Protein chains: 2
Amino acid sequence: MPEQVGWGEGTTYPDEDALIAHLATLVDGSSPEILQGIGDDAAVLAPDLVWTVDPQVDGVHFRRDFSSPYDVGWKALAVNLSDLAAMGALPIGALVSLILGEGDAADAEPIYAGLGACARTYGCPVVGGDVARGPGLSVSISVIGRAATPPPGRVGAQPGDVIAVTGTLGESAAGLAVLRDPALRDLPGAIESIERHRRPHPRLVEGQALAPFVHAMMDVSDGIATDLRRLARRSGVQLHVDLDALPMHDDTPPIARALGLAPGVLAATGGEDYELVMALSADDVERCGVTLTVIGHVAAGPASVRFIGEGANDALRGWDHLA
Amino acid sequence: MPEQVGWGEGTTYPDEDALIAHLATLVDGSSPEILQGIGDDAAVLAPDLVWTVDPQVDGVHFRRDFSSPYDVGWKALAVNLSDLAAMGALPIGALVSLILGEGDAADAEPIYAGLGACARTYGCPVVGGDVARGPGLSVSISVIGRAATPPPGRVGAQPGDVIAVTGTLGESAAGLAVLRDPALRDLPGAIESIERHRRPHPRLVEGQALAPFVHAMMDVSDGIATDLRRLARRSGVQLHVDLDALPMHDDTPPIARALGLAPGVLAATGGEDYELVMALSADDVERCGVTLTVIGHVAAGPASVRFIGEGANDALRGWDHLA
């Protein structure tokens, strides 16, 4: 259960999304040049520029004892590139805002080294940067990219569509579990899972290839249990998902079992997969040219997600940064 | 004297600029679509889009006992708009990344209210936002704007140019001094100076009007003693500045005197003025249509700033976020 977020005179918000939705009502978000604003993975500037900003904060998005400064730099850029991937865009450049806490100055160089390695891997030049002292380490990166086709966003899933994902789910969460419990380190794939947790790989090529086919798409950052709820709400549809159909690396189910979880529950709630999840016509699953796994379908009905399969429970939730 | 910044194996950097310049060597910043990158107030995307990201961090850029959450929200957007002003651009939209420390949840609404008020005042829609928990309060905003003429940047000041500024300098620093020392609160203009410190007003209209005339331009965020050094370095010229010529509100010199400072020294080093400082032909000072004060001139010579006037000292420095 996520904590309630305190809000002034006794008002509370159930989660991060509710707080963000309320804050959005306090500002005017309409602009003739902005085609898509609050609610998607990134904003879209007319006609084809996609723009995102995402922070990575010490103790919230990463732990210093679990990730090296190099890993932190890699991930800070990778999560922004993943937002671009969800919009079918390729990067033009990144602006970096680095905040260093007391004693963090020696980390700036390895953070930038990791960030630079991710930037070279994905062809995203780092075109500006700022450094300031603060209460703790954080890296906020803003990325701009260009989309070859109209960016998909989260609105547009239609009854009759199938729901599909790229790659595998749950491996990053398995890696985090191994980092938390050294007793799990002897399980097969423990090291590879940790690596996946520390160095996410955004699906930029896949996102661009998928954009012309999908009706709605987003990246999986908080776990599909939370992320698909967002897609359901924005598209106004009911999503049916089979936990037993979630694609996983062979080593992930044994780690889930060691944690006492049904594998599909770990895969749906663990978060930080940075895969792409989408709604599209069943016919396009083969035609799109990207290897996908179908995990469910879209139905008419009140905006919600219904799970079937081992451990299914409609109250399943992924990661909430305010919890 | 700024502190030295520790850097790995015993290496230290004298200031923020040196650290940022070193970090820039670790990443590839070249891009066919980015016309100006690291080193200016904002990056320029071909052909006319200007893009910036700037954080406001609790205890570094603001103090909770000196500024209300509403003020913090206002200022977090205003400082980014000031970067746009320096590039002669008007805003298209802003993306907000809010990090809340323990117990800060009730501040999110007044922060957004202040941010929204600044956004409406300057016509900058807030098109996206994200909220996360962290070790302390910070607001990082990314803004995109459009320039009607090629953005000026910091390169281009030429020997023979005059140096000029908009508005007045030192009032924000006077306000901060009053906040620090309640004994100064009875001086004339104390309240107005505090207001100026809490709610900077970016020179967007002036920046757009000045862009076609100036050879180089930047906003005054850390104090001209530091900011003009940056301009001198990037343009490769020597700047001569008369501290007695710095424009000030009538109430500022008595506050400076009460602090034991020559008024021009407070005005040159206090920072957070968010005025524009520029190099342009003397003829254009009248023709540009913006009220300016000439404070010095550009000469050939090694990149540096030379001060004359009361309190002049070539070692004068403004605010360093790493000090």
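FYI, it's all coordinate maths here, none of it is from the lab. None of these values were measured; they are calculated from a predicted model. Virtual Cβ from ideal backbone geometry, glycine too; neighbours counted across all protein chains shown.
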**Q.** Computed magnitude of the charge dipole of region B:140-234 (debye, nearest 20; Cβ of K, R +1, Cβ of D, E -1)
**A.** 360
Q | Simple Cβ-charge dipole of region A:91-168, Lys/Arg +1 and Asp/Glu -1, about Cα centre, in debye nearest 20 | A | 340
Q.
Within 12 Å, Cβ to Cβ, of B:G296, how many net charges do the neighbouring residues add up to if Lys/Arg are +1 and Asp/Glu are -1?
A. -2
Q) Nearest 0.05, what FRET efficiency do A:D48 and A:R120 give at R0 = 25 Å with Cβ-Cβ as r? A) 0.55
Q) Based on the Cα atoms of the protein assembly as shown, what semi-axes does the equivalent ellipsoid have, where each is the square root of 5 times one gyration tensor eigenvalue, given in whole Å with the largest first? A) 46, 24, 23
Q. What residues have an amide H closer than 5 Å to that of A:I295, excluding those fewer than 5 places away on the same chain, when H is modeled at 1.01 Å from N in the peptide plane?
A. A:I163, A:A164, A:V165
Q. Between B:Q158 and the same site in the other copies, what are the distances in nm, shortest first, taking label points 7 Å from Cα along the C-beta direction?
A. 6.0
(Q) For a test of the definition: using alpha carbon positions, the gyration tensor, and the 1.5 limit on a/c, classify region B:101-209 as rounded, prolate or oblate. (A) oblate
Q. Looking only at trypsin sites (Lys or Arg not before Pro) in DSSP loops with at most 15 other Cβ atoms within 10 Å, what is the longest site-free stretch of chain A?
A. A:65-323
Q) Which value in nm describes the separation of the simple spin-label points at B:V294 and A:T291, placed 7 Å from the Cα toward the beta carbon? A) 7.1
Q: For region A:31-147, state what percent of all Cα-Cα pairs lands in each successive 10 Å bin, counting from 0 Å until the bin that includes the largest distance.
A: 15, 46, 28, 10, 1
Q | Dipole in debye (nearest 20) - region A:31-147, about Cα centre, beta carbon charges: Lys, Arg +1; Asp, Glu -1 | A | 180
**Q.** Whole-number percent relative contact order across region A:64-193, with pairs defined as alpha carbons under 8 Å at least 6 apart
**A.** 30
Q: Can you list the distances in nanometres, one decimal and ascending, from the A:V294 label point to the identical position in each other copy, with the point 7 Å along Cα to Cβ?
A: 7.7
Q) For A:N313 and A:A258 in one chain, what is 0.36 nm times their gap in residues minus the Cα-Cα distance, to one decimal in nm? A) 17.8 nm
Q | Inter-copy separations for A:D181, label at 7 Å along Cα-Cβ, nm, ascending | A | 6.0
Q.
Give me the percent relative contact order of chain A, please, defined on Cα pairs under 8 angstrom at least 6 residues apart.
A. 22
(Q) Taking θ = phi - 60°, what integer Hz values does the Karplus form 6.51 cos²θ - 1.76 cosθ + 1.60 yield along region A:57-73, in sequence order, with x for Gly and Pro? (A) 10, 4, x, 10, 9, 8, 10, 4, 7, 9, 10, 6, x, 4, 4, 4, x
Q) Using modelled amide H (1.01 Å from N, peptide plane; none on Pro or chain starts), what sits under 5 Å from the amide H of B:V50, excluding residues fewer than 5 places away? A) B:L45, B:G145, B:R146, B:A147
Q.
Can you tell me what share of the DSSP beta bridges in region A:204-317 is antiparallel? A percent to the nearest 5 is fine.
A. 60
Q: Using the Karplus curve 6.51 cos²θ - 1.76 cosθ + 1.60 with θ = phi - 60°, work out ³J(HN,Hα) for each residue of region A:95-100 in order, rounded to whole Hz, and write x for Gly and Pro.
A: 10, 10, 10, 9, 10, 10
(Q) Quick one: 3J(HN,Hα) in Hz for region A:236-251, Karplus 6.51/-1.76/1.60 with θ = phi - 60°, rounded, Gly and Pro as x. (A) x, 9, 9, 10, 10, 10, 9, 4, 6, 8, 5, x, 9, 5, 3, 7
Q.
Using Cα-Cα distances under 8 Å and only pairs 6 or more residues apart, what relative contact order does region B:162-308 have, in percent?
A. 45
(Q) Between A:A282 and A:A245, what is the label-point separation in nm under the 7 Å Cα-to-beta-carbon projection? (A) 1.0
